[in-house]
Amino acid sequence: MAEHQRTHSPIDGSLVATRVLADGPAVDRALAAAEAAQSAWSETSVDWRAAVVKRMVDAIVGRSAVIAEELALQMGRPVRDGPKEIRGGYAERALAMAELAPGALADLDVGGAPGARRLIRRRPLGVVLVLAPWNYPFLTAVNAVVPAILAGNAVILKHSDQTPLAAERIAEAFRDAGLPDGVLQVLHMSHETVADAIRDQRVGYVHFTGSVEGGRAVRRAAAERFIGVGLELGGKDPAYVRADADLDGAVAGLVDGALFNAGQSCCGIERIYVDRELFDPFVEAFRELTLSYRLGDPRDPETTLGPMVRTGNAELARDHVRDAVARGAVPLIDPKAFPAAAEGTAYMAPQVLINVRQNMRVMQEETFGPVVGILPVAGDEEAVRLMNDSRYGLTASVWTRDLEAADRLGSRLATGTCYANACDYLDPLLPWSGVKDSGHGLSLSRLGFEPFSRTLSLLLRDAG
């Protein structure tokens, strides 16, 4: 009997979707079809592949309103924010990679030798397995699916069991854009079946976005194979507000960075270090802006903060708050200010903590919820030390009017990306990567085609 996965809504626990899980024979058929389709796809021009991607973007943007409603049901994001993921980030990244592809994938002529040509050529890997999470199901998928297809690969896309409709919408848009059958296929799989697929010799690369433990499981499954594995994992991303920062701009940017998507972002802001000169006014303004959010049913266009994806996730975030308060932290938000919040549900009131210490769980472990700890610092040296005191290194941000100082500080931070006066954003022309337990790998920018292709060296010498 076939196994099924069931997706329940964090709004009220109702059933959103039921899907049949692919078994071994189904995966075998999909990989065989991917291999056959990839062989022909790899012979198409990069310009043609880019044109398909651009048509795909048009198709999916046209569905953004429906997708926003589906995201609200599947993972609780307010409908007012859903279109931003499609019309903003997804479209921006896909179109940027399509524009970069012809140049990034072109032959590199390294200069002639007497009677010879020397070329470096990028060739596709074959079949790429993309494992995408629920929190930004379109943004995380586009980072891998689009460059993989542009590079001439076929893709098997497996989404989190919380957002199966997202994968199906992506595949639907590619079909409308004229992508040949078999080049992109969606499979719903159990963890065990995913591990078996990773071990299959027909899979040439695995791109995983998710938890640290999930990343370790992917690495274990691939351990006996000589294939690349891209891992985009967790974060405990810090911000530093210098004494010369624009206070209003820093507060607005960091509240959004901490609370958007109910804090469920790998590059969301979870800890903030503020120069002592600005600490009191910053904290008060941060608290006031946090209180302006409205927690409720994400289908209500007035809601600005939806439920977390699951009750268990909300309980973990609440536990971080309880632990911090028990150890002396002071919570600035009374949960009663958010009537929809309730213990034992996915609806969690945001929380701002002061009097925190660096060794508290809320300052060290990934909370992945609408919770932030704020700590005063004496200046740049203390801020850099504390920002680097983490097992994670995905993004960091510095808020200052002195961009030269931000540049100097950024070079000292153990992070994949450093922002000045911004946070929680991926610029598609810059590479996206992490250090330490935030994983390894690379996506976006012209460098983002390298993991999805192999290098072929050509030395073409005249006969005789």
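Being out of contact with any helix residue (DSSP H, G or I) (no Cβ under 9 Å at 6 or more places or on another chain), small (Gly, Ala, Ser) and farther than 29 Å from Leu403 by Cβ is true for just one of Gly228, Gly235, Gly249, Gly215. Which residue is that?
Values: Gly228 fails: out of contact with any helix residue (DSSP H, G or I) (no Cβ under 9 Å at 6 or more places or on another chain); Gly235 fails: farther than 29 Å from Leu403 by Cβ; Gly249 fails: farther than 29 Å from Leu403 by Cβ.
Going through Gly228, Gly235, Gly249, Gly215 in turn, the sole match is Gly215.
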Next item on the list: Within the range 60-76, identify whether any single residue is outside any helix (DSSP H, G or I) and of a type in the set (A, V, I, L, M), and answer yes or no.
Entry: no
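Could we say that Val362 is assigned to a helix (DSSP H, G or I), touching a His at 6+ places or on another chain (Cβ under 6 Å), crowded, with 18+ Cβ neighbours inside 10 Å and not polar (S, T, N, Q) here?
Considered against the rule, which asks whether it is assigned to a helix (DSSP H, G or I), touching a His at 6+ places or on another chain (Cβ under 6 Å), crowded, with 18+ Cβ neighbours inside 10 Å and not polar (S, T, N, Q), Val362 comes out as yes.
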Next item on the list: Check Arg216 against each of (1) in contact (Cβ under 8 Å) with a residue 24 or more places away in the chain; (2) surrounded by fewer than 17 Cβ atoms within 10 Å (Cβ to Cβ); (3) part of a helix (DSSP H, G or I) and name the one condition it does not meet.
Entry: (1)
Next item on the list: Have a look at Val325, Val321 and point out the one that is closer than 25 Å to Arg77 by Cβ, assigned to a helix (DSSP H, G or I) and without any contact (Cβ under 8 Å) to a residue 60 or more places away in the chain.
Entry: Val321
Check: When residues of the range 167-187 are filtered for being assigned to a loop (DSSP other than H, G, I, E, B) and either polar (S, T, N, Q) or closer than 18 Å to Ala151 by Cα (or both), how many remain?
Finding: 7
Next item on the list: Look at the range 205-243 and say how many of its residues are more than 17 Å from Cys267 (Cβ to Cβ) and in contact with an Asp or Glu (Cβ under 6 Å, 6 or more places away or on another chain).
Entry: 2
Next item on the list: Kindly list the number of the only condition in (1) of a type in the set (Ser, Thr, Tyr); (2) touching a residue at least 60 places away in the same chain (Cβ under 8 Å); (3) surrounded by fewer than 21 Cβ atoms within 10 Å (Cβ to Cβ); (4) over 26 Å from Trp134 (Cα atoms) that fails for Thr304.
Entry: (4)
Notebook entry, point to check: What number goes with the only condition from (1) assigned to a loop (DSSP other than H, G, I, E, B); (2) in contact with a Leu (Cβ under 7 Å, 6 or more places away or on another chain) that Val398 does not pass?
Noted result: (1)
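Let me confirm something: among Ala396, Ala349, Ala340, which residue is over 30 Å from Arg412 (Cα atoms) and crowded, with 23+ Cβ neighbours inside 10 Å? Even if it seems obvious, please write down each step before you answer.
Values: Ala396 fails: over 30 Å from Arg412 (Cα atoms); Ala340 fails: crowded, with 23+ Cβ neighbours inside 10 Å.
Answer to the check: Ala349.
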Check: Conditions: (1) without any contact (Cβ under 8 Å) to a residue 60 or more places away in the chain; (2) in contact with an Asp or Glu (Cβ under 7 Å, 6 or more places away or on another chain); (3) in the same structural domain as Tyr273 (by TED's automatic domain parsing). Val186 meets all but one. Number of the miss?
Finding: (3)
Next item on the list: Would you check if Ile11 is touching a residue at least 60 places away in the same chain (Cβ under 8 Å), assigned to a loop (DSSP other than H, G, I, E, B) and among the β-branched types (Val, Ile, Thr)?
Entry: yes
Item checked: Among (1) buried (at least 24 other Cβ atoms within 10 Å of the Cβ); (2) out of contact with any Lys or Arg (no Cβ under 9 Å at 6 or more places or on another chain); (3) of a type in the set (A, V, I, L, M, F, W, C); (4) not in a strand (DSSP E or B) - the single one Leu413 does not satisfy -> (1)
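Could you tell me which residue of the range 446-460 is farthest from the chain's Cα centre (by Cα), considering only residues that are among the hydroxyl-bearing types (Ser, Thr, Tyr) and surrounded by fewer than 21 Cβ atoms within 10 Å (Cβ to Cβ)?
Let us first name the residues in the range 446-460 that are among the hydroxyl-bearing types (Ser, Thr, Tyr), namely 453, 455, 457.
From what's left, surrounded by fewer than 21 Cβ atoms within 10 Å (Cβ to Cβ): 455, 457.
Values: Thr455: 27, Ser457: 33 Å.
The selected residue is Ser457.
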Note to self: Just to be sure I understand the filter: pairs with C-beta atoms under 7 Å, separated by 6 or more residues or on different chains, first member in the range 79-96 and not assigned by TED's automatic domain parsing to the domain that holds Leu165, second member modelled with pLDDT under 90 and buried (at least 19 other Cβ atoms within 10 Å of the Cβ). Which pairs pass?
What the structure shows: none
Checklist line | Unmet criterion (only one of (1) in contact with a strand residue (DSSP E or B) (Cβ under 6 Å, 6 or more places away or on another chain); (2) on the phi > 0 side of the Ramachandran plot; (3) not acidic (Asp, Glu)) for Leu73 | finding: (2)
Notebook entry, point to check: For the range 29-80, how many residues are surrounded by fewer than 23 Cβ atoms within 10 Å (Cβ to Cβ) and in contact with a Phe, Trp or Tyr (Cβ under 6 Å, 6 or more places away or on another chain)?
Noted result: 0
Margin query: Looking only at the range 223-270, count every residue that is among the small types (Gly, Ala, Ser) and outside any helix (DSSP H, G or I) and tell me the total.
Written below: 10
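If I filter the range 247-297 down to residues being among the aromatic types (Phe, Trp, Tyr) and touching a Phe, Trp or Tyr at 6+ places or on another chain (Cβ under 9 Å), which single residue comes out as farthest from Ile11 (Cα to Cα)? Before you say what the answer is, go through the steps one by one.
So in the range 247-297, the residues among the aromatic types (Phe, Trp, Tyr) come out as 260, 273, 279, 282, 286, 293.
So of that shortlist, the ones also touching a Phe, Trp or Tyr at 6+ places or on another chain (Cβ under 9 Å) come out as 273, 293.
On the way: Tyr273: 34, Tyr293: 18 Å.
Checked the range 247-297; the qualifying residue farthest from Ile11 (Cα to Cα) is Tyr273.
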Check: Looking at (1) closer than 19 Å to Ala171 by Cβ; (2) in a helix (DSSP H, G or I); (3) among the small types (Gly, Ala, Ser), which is the only condition Ala101 fails?
Finding: (1)
Notebook entry, point to check: Residues in the range 33-47 that are without any contact (Cβ under 8 Å) to a residue 24 or more places away in the chain and outside any loop (DSSP other than H, G, I, E, B): how many?
Noted result: 1
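Scan Ala17, Ala98, Ala72 and give me the residue that is at pLDDT 95 or above, aliphatic (A, V, I, L, M) and closer than 25 Å to Ala148 by Cα. Give the derivation first.
Working: Ala17 fails: closer than 25 Å to Ala148 by Cα; Ala72 fails: closer than 25 Å to Ala148 by Cα.
Answer to the check: Ala98.
The values are calculated or read from the model by the stated rules, or taken from the named source; none is laboratory data. Fair warning: this is a prediction, and the values are worked out from it, not measured in the lab. All Cβ positions, even for glycine, are placed from backbone atoms using ideal geometry, and neighbour counts span all protein chains on display.
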